[in-house]
1. Below 14 angstrom from the Cβ of G150, what's the summed charge of the other residues (Lys, Arg +1; Asp, Glu -1)?
2. Taking square-rooted eigenvalues a ≥ b ≥ c of the alpha carbon gyration tensor, is the range 190-267 rounded, prolate or oblate, where a/c under 1.5 means rounded and, failing that, a/b exceeding b/c means prolate?
3. Based on Cβ point charges of +1 for Lys and Arg and -1 for Asp and Glu, what charge dipole magnitude is obtained for the range 60-203 about its Cα centre, in debye rounded to the nearest 20?
4. State the Cα centre-to-centre distance between the range 224-265 and the range 267-308 in whole Å.
5. For the chain, calculate the relative contact order in percent as a whole number, restricting contacts to Cα pairs under 8 Å that are 6 or more residues apart.
6. Please report the antiparallel percentage of the DSSP beta bridges confined to the chain, to the nearest 5.
7. With θ set to phi - 60° and the Karplus curve 6.51 cos²θ - 1.76 cosθ + 1.60, what are the ³J(HN,Hα) couplings of the range 148-163 in order, to the nearest whole Hz, using x for Gly and Pro?
8. Quickly rank 305-314, 334-343 as a protection proxy: mean count of other C-beta atoms within 10 Å, highest first.
Amino acid sequence: MNATADNGGPPGAVRRERSVDVLVVGAGPAGLAAAARLAAAGAGTVEVVDREEQAGGIPRHCYHAGFGLRDLRRPMSGPAYARHWSDTAAGAGALVRTGVSVTGWAGPLTVDTTSRDGLERLTAGAVVLATGARERPRAARLVPGTRPAGVFTTGELQQAVHLHHQPVGGRAVVVGAEPVSYSAVRTLRGAGVEIAAMVTDQPRHQSSWAAGAGARLHRRVPLLTGTTVTELFGRVRLTGVALRHTDGRTVTLGCDTVVFTGDWIPEHELVRLGGITLDRGTRGPAVDTVFRTGAAGVFAVGNLLHAVEPAGTAAREGRLVAGPVLRYLSDGRWPDGQLAVEVDAPLRWVAPNRIDPRGPRPPLGRFALRTARPAGRLSALVVSQDGRVLHRERLRRGALPNRPLYVSADWIDRADPGGGPVVITGQGD
């Protein structure tokens, strides 16, 4: 270990310098699963850093069931799922450090950090970015009005209720109707809060039939579709929200709590600071089918790439990135000149979004997509390059925003390595 006077910290501060074989940034399911697999595979010194005080990511404050079914084949609560991956990573030999913030890059594979232990500069043989995603808060949604207490995202609500055991209010409006919105409803009801309404600008909810029917029939939660929140009221505490329907009608709904749910955005600040190419659709780093970014030695996994997929999907990507990382540590090879994969409206994004026609297919042999608006009459997805159709696939059901949509990767080897971008479009009846 070396210690040098720091150029980026306070005057006189000393920044310790260390090296590790693999540095994982982010201790959610994707980062912990990656660290566990890499440490178990003998990747050398594997270190995970996370700015939060507890490892596990979003699941650690999701007290409902439903975790673990996809990847561990058993039902678990969010905190139990978070503990599983934290314990697995540590048990495999990875060092998991919390309360550590990465503040920037000091080189292609070197980052600066700050923590209660001081300043550090970490150089790695490979870096895995697993910084996840977050819900867009009220300010970023440009909702005007006062700034009273009682305004949350789902994550803030769950932390207040489950981690800090704080009262959150008596009557709430939930903005959004996707799976995480129904998690917010369960948290509010568990805290004894009446739900005045769920509000979505879409023509229907975007969760499962069971979740929608359960909230409407069992919990008697009204769902207001085609409706947006246009203003918040209240000085010290929220007293109500203004709603506008698509037909122009407006109404004020009394409440002391509002929860803005979903509308996920990747935590991509470190990617941006590193000058790593971002995908214009996902707004996360552009990656190929084995999670390689545009910067040699830097990989990315989890919901940083596709805000947002279930925790089990993120953990699976964490496990799968281990092989490519080990190969890079062994041979140092990094591709260039890969083909971009893009989408046309109403499709919003595709992940992964770079391919090598001679390379491997993505996990599960498919690409994930999202649509920006309801496309109930969308009957097929067409993959083409320079006007040449590479693949056509029928859809079994219409596409909805915030719901997964997939297209097979069987066409990859038919793409021309010297051609233009591959484009995925939706086709109606």
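The values are calculated or read from the model by the stated rules, or taken from the named source; none is laboratory data. Keep in mind the model is a prediction, meaning the values are calculated, not measured. Glycine gets a Cβ as well: all are built from the backbone with ideal geometry, and neighbour counts include every protein chain shown. When the accessible area is computed, the model is the full protein with side chains, heavy atoms only, and any ligands, DNA or RNA have been set aside. Shrake-Rupley method; radii C 1.70, N 1.55, O 1.52, S 1.80 Å.
1. Values: positive: R138, R147, R171, R235, R237; negative: E156, E194, D256.
Around G150, the surrounding residues sum to +2.
2. Details: a/c = 1.39, a/b = 1.24, b/c = 1.12.
Verdict is rounded for the range 190-267.
3. Working: 16 positive and 10 negative charges, 46 e Å.
Here the range 60-203 has a charge dipole of around 220 debye.
4. Taking the Cα centre of the range 267-308 as reference, the centre of the range 224-265 is 33 Å away.
5. Working: 1057 pairs, mean separation 60.5, N = 429.
Answer for the chain is 14 percent.
6. Details: 56 of 96 bridges.
Expressed as a percentage, antiparallel bridges in the chain total about 60.
7. x, 6, x, 10, 9, 9, 4, x, 5, 4, 5, 5, 4, 6, 8, 9
8. Details: 305-314: 24.6, 334-343: 16.5.
With the highest mean Cβ count within 10 Å placed first, the list reads 305-314, 334-343.
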